[in-house]
Amino acid sequence: MSDILVHTEDGVTTLTFNRPDKKNSITAAMYAALADALAATEADPAVRCVVFQGHEAIFSAGNDIADFLNAPPATQDSPVFRFLRGIALFPKPVIAAVCGPAVGIGTTLLFHCDLVYAGDNAAFSMPFANLGLCPEAASSLLVPQMLGYHRAAEALLLGEPFMAEAALEVGLVNRVLPPLEAAGYAQAVARKLAAKPLSSLIETKRLMKKGQTEQVLAQVAEEGASFGRMLREPAAKEAFTAFMERRKPDFSKV
Ligand code: COA
């Protein structure tokens with residue numbers, strides 16, 4: 001079965017991270033599937049809304065670390081950047097249902113969603129500084145905007161996880177639910193949206209995002225250049241090797 005499930009019903013396309021044995025971590029092939037699905041969904045007038053989901057115990061462990069080590073994204077045309085530009089520019093409403101850990105891009109993609117519903121077991125983290133990396137997906141812009149600078153510094157410099165209730169308090173999450181109810185709730189909201197005129201949904205979203213898109217794309221590109229360089233440097237290599245060897249990284253020599 002595919003690592004990304006794409007299912008369209010009643011005007012809603014649902015994209016499911018489906019790699020549970022690797023905690024739904026995302027490979028280059030999965031980014032490519034996501035980018036293609038977003039493009040197809042954007043072009044299909046019958047689809048009015050997209051839902052991202054994982055499973056009840058895991059949303060996503062972020063980028064696949066073996067990919068980071070063996071095949072880091074080389075250019076701005078790499079699947080991950082295609083996906084990031086696709087979601088940043090996506091004109092129709094995007095909903096996420098998040099349960100369990102949402103690591104790295106598992107959290108940063110949520111800043112591009114319009115509505116987020118979380119299980120009470122959701123744990124959000126952006127541990128880029130713990131991995132010798134820097135923020136991606138315009139999170140260095142969007143996280144301080146939403147959380148305020150000091151809470152953003154806790155999340156991005158310390159890389160500390162925060163739970164669903166804290167995410168609700170800062171406005172990253174719309175509602176916290178029992179994990180078994182989050183996906184169903186997101187689907188019900190998606191169907192409410194899908195019953196509305198597409199032109200109103202698109203124009204409302206465009207007006208709310210107006211003025212920021214250029215800045216978001218510029219930040220994605222600048223972060224991407226730094227991220228790509230840092231992936232190849234000793235600190236990140238040590239962090240990824242330590243993860244694979246199930247030990248703590250030693251940054252004393254980098
Ligand atoms: N990339 C590749 N494989 C990953 C992965 C990732 N990001 N996250 C988890 N996995 C794999 C593990 O290597 C393990 O594989 P194995 O069974 O073949 O040994 C399997 O998924 C289960 O992971 P495990 O760590 O044992 O699960 P857990 O329930 O104890 O912890 C997480 C879950 C998500 C908290 C933990 O896996 C984690 O922190 N992952 C790394 C997150 C990360 O740093 N992502 C990069 C962000 S930029």
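The values are calculated or read from the model by the stated rules, or taken from the named source; none is laboratory data. Everything numeric here is computed off the predicted structure, so don't read it as measured data. Here Cβ is always computed from backbone atoms with ideal geometry, including for glycine, and neighbour counts include all displayed protein chains. Quick note on the areas: whole protein, heavy atoms, side chains included, nothing else; ligands and nucleic acids left out. Shrake-Rupley method; radii C 1.70, N 1.55, O 1.52, S 1.80 Å.
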Review point. Before we move on, is residue 129 hydrophobic (A, V, I, L, M, F, W, C) and away from the ligand (no atom under 12 Å from the Cβ)?
Key: no
Revision key, fill the gap. Taking region 24-45 and keeping residues over 21 Å from residue 194 (Cα atoms) and in a loop (DSSP other than H, G, I, E, B) leaves 24, 25, 27
Point to revise | Of all residues in region 19-57 being surrounded by 23 or more Cβ atoms within 10 Å (Cβ to Cβ) and near the ligand (Cβ under 9 Å from one of its atoms), the one that is farthest from residue 137 (Cα to Cα) | key: 24
Practice item. Can you work out which of the residues in region 116-168 that are within 16 Å of the chain's Cα centre (by Cα) and polar (S, T, N, Q) is most open to solvent (accessible area, probe 1.4 Å)? Key: 140
Check your understanding: Residue check: is residue 173 assigned to a helix (DSSP H, G or I) and open to solvent by less than 30 Å² (accessible area, probe 1.4 Å)?
Key -> no
Exercise for review: Name the helices (runs of 4 or more DSSP H) wholly inside region 198-248 in which the number of residues that are out of contact with any strand residue (DSSP E or B) (no Cβ under 7 Å at 6 or more places or on another chain), more than 23 Å from residue 50 (Cβ to Cβ) and within 13 Å of the ligand (Cβ to nearest atom) is 2 or more.
Suggested key: 213-231, 234-244
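Out of the residues in region 182-194 meeting the condition of being touching a residue at least 24 places away in the same chain (Cβ under 8 Å) and out of contact with any Cys (no Cβ under 6 Å at 6 or more places or on another chain), tell me which one is least open to solvent (accessible area, probe 1.4 Å).
Here is the first cut: in region 182-194, the ones touching a residue at least 24 places away in the same chain (Cβ under 8 Å) are 182-183, 185-187, 189-191, 193-194.
Among the residues that remain, those that are also out of contact with any Cys (no Cβ under 6 Å at 6 or more places or on another chain) are: 183, 185-187, 189, 191.
Numbers: 183: 36, 185: 73, 186: 0, 187: 38, 189: 21, 191: 76 Å².
Selected residue: 186.
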Check your understanding: Where residues in region 69-114 are within 15 Å of the ligand (Cβ to nearest atom), modelled with pLDDT under 95 and open to solvent by 40 Å² or more (accessible area, probe 1.4 Å), which of them is farthest from the chain's Cα centre (by Cα)?
Key -> 70
Practice item. Examine region 75-84 for a residue that is out of contact with any Cys (no Cβ under 8 Å at 6 or more places or on another chain) and within 24 Å of residue 175 (Cβ to Cβ), and state whether such a residue exists. Key: no
Exercise for review: Count, please, the residues in region 199-254 that happen to be touching a Cys at 6+ places or on another chain (Cβ under 9 Å) and farther than 18 Å from residue 135 by Cβ.
Suggested key: 1
Check your understanding: Within region 203-231, can you find the residues that are under 24 Å from residue 115 (Cα atoms), open to solvent by 80 Å² or more (accessible area, probe 1.4 Å) and either of a type in the set (D, E, K, R) or touching a helix residue (DSSP H, G or I) at 6+ places or on another chain (Cβ under 9 Å) (or both)?
Key -> 206, 210, 214, 215
